[in-house]
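Worksheet for the structure shown next.
The values are calculated or read from the model by the stated rules, or taken from the named source; none is laboratory data. These numbers were taken from a predicted model, which means no experiment stands behind them. Glycine also receives a Cβ, built like all others from the backbone with ideal geometry; neighbour counts cover every protein chain displayed.
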Amino acid sequence: MRVTSTLIGPGSHPRLADQARVNMRKLLRAAAPLVLVAGLAGCGSGGDGAGGDDGLTVMLSYKKSIYWLPMLIAEDQGYFEDEGVDVQFEETNGSGFVTQQLIAGNVPAGWAGAPDAAVAFSKDDNLRALMCNPPQNIFRIVVPDDSDIESVEDLEGKTLGIAEAGGGEEPIVNASLEAAGLQRDADVRILPIGDAGPASLNAILQGQVDAYAGSYPDISTLTADGRLQTRDITPEQYNAIPGDCLVTTADALEDDQVRDQLVGMARAWARGAVFAAENPEAATTIACRVVPQECEDMDFATTYVKDTIGLSGVADDADTPFGHVDDSAWQTTFEVLAESGAITTDPDAGTFAGGGIAEQFASDYWDFDIAATREEARSSDGN
């Protein structure tokens, strides 16, 4: 069994805890729809890329991080080996690069932000989305817990803070305001307050902004020291928009060996998600051993792990497979992107992630002894 990681692109940067948060924002900002269209033109479908007898190559939209918690645990616990998968994870510097490589046929599969994946599908309908990590929206609109604001409608006449213009949270902000019948910068003032950190935290605590929109790692940062507690007012219809998704091609899925490898990888990944949900403390220990640079601030790391698990959707009843996203969520994603101007066609969500393909894939990778994985997690201290 071989599980390796290769960095593709400019290279990794030395990071303290605050740099981890800034780099995560760069990843999430790269998913901003208006940026995603660039670079896709001129790419054409090619071969199936690396897969089969030589093992499975899967691209990541970002380097190893707590964001990929299920994968970190699956590697540490030997789940990929259990599933007989020889997988090489190639770390990249953005979802746009991943989708370009998929369209070009250079790799059989990769994890890409849902907006990138959706925009890419609008350019090449050979792409297919199989599972997502996390399966819920990573961008949130929050208010201080003691605020009188209960919904986006209540933001009329208020100030909503964002990190900066053009950030990945803006499509959700714009769609939420429109759904509430509010006009940006007319009914609600949008104020960039910088990346999550001391300055933006003070802006919220001192009432310079009444609400804040950002990625969940941003919110983990802002709430880590306990001075700020938040409530989520993101409209429910946007909660289902997924985070990063495992994307492949229809051609790759026709190769039984590649599909079997993808199922095995996804099953190991799902086992990691179940482990984390059952024992967050052990999951934190494992994550901090694998990515120690993200654990120099343990308040942040603990909150980041907790929030990552919270978005995983792993419930006690285990009826819904981790990572499964239905057609309606993708339809909402396409609609939000269309409203932003990133998509000008009318892509079919059923073709991209339906037609029985994603459902059967989820049924296959969710076929493992969940109770045994939970018991294993309960008995682990992460060491």
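Here are some notes:
- Matching helices (runs of 4 or more DSSP H) fully within the stretch 306-381 where at least 1 residues are assigned by TED's automatic domain parsing to the domain that holds TRP68 and more than 18 Å from ASN279 (Cα to Cα): 327-340, 349-353, 357-365
- Count of the stretch 336-365 residues which are crowded, with 16+ Cβ neighbours inside 10 Å and within 21 Å of SER176 (Cβ to Cβ): 7
- The stretch 248-271 residues that are within 24 Å of ALA104 (Cβ to Cβ) and in the same structural domain as TRP68 (by TED's automatic domain parsing), paired with ones that are of a type in the set (D, E, K, R) and crowded, with 24+ Cβ neighbours inside 10 Å (beta carbon under 8 Å, 6 or more apart): THR248/ARG128; THR249/ARG128; ALA250/ARG128; LEU253/ARG128
- Residues of the stretch 232-281 satisfying the condition of being part of a loop (DSSP other than H, G, I, E, B) and either over 16 Å from the mean Cα position of the chain (by Cα) or farther than 30 Å from VAL143 by Cβ (or both): ILE233, THR234, PRO235, GLU254, ASP255, ASN279
- Qualifying residue in the stretch 69-83 (condition: crowded, with 22+ Cβ neighbours inside 10 Å and within 19 Å of ASP255 (Cβ to Cβ)): yes
- For ILE193, the criteria (1) more than 23 Å from the chain's Cα centre (by Cα); (2) assigned by TED's automatic domain parsing to the domain that holds TYR67; (3) buried (at least 16 other Cβ atoms within 10 Å of the Cβ) hold in every case but one, which is (2).
- A Cβ distance below 6 Å, combined with a sequence gap of six or more or placement on separate chains, defines the contacts here; from the stretch 196-213, residues that are more than 18 Å from GLY157 (Cβ to Cβ) reach residues that are β-branched (Val, Ile, Thr) and part of a helix (DSSP H, G or I) in the pairs ALA196/THR221.
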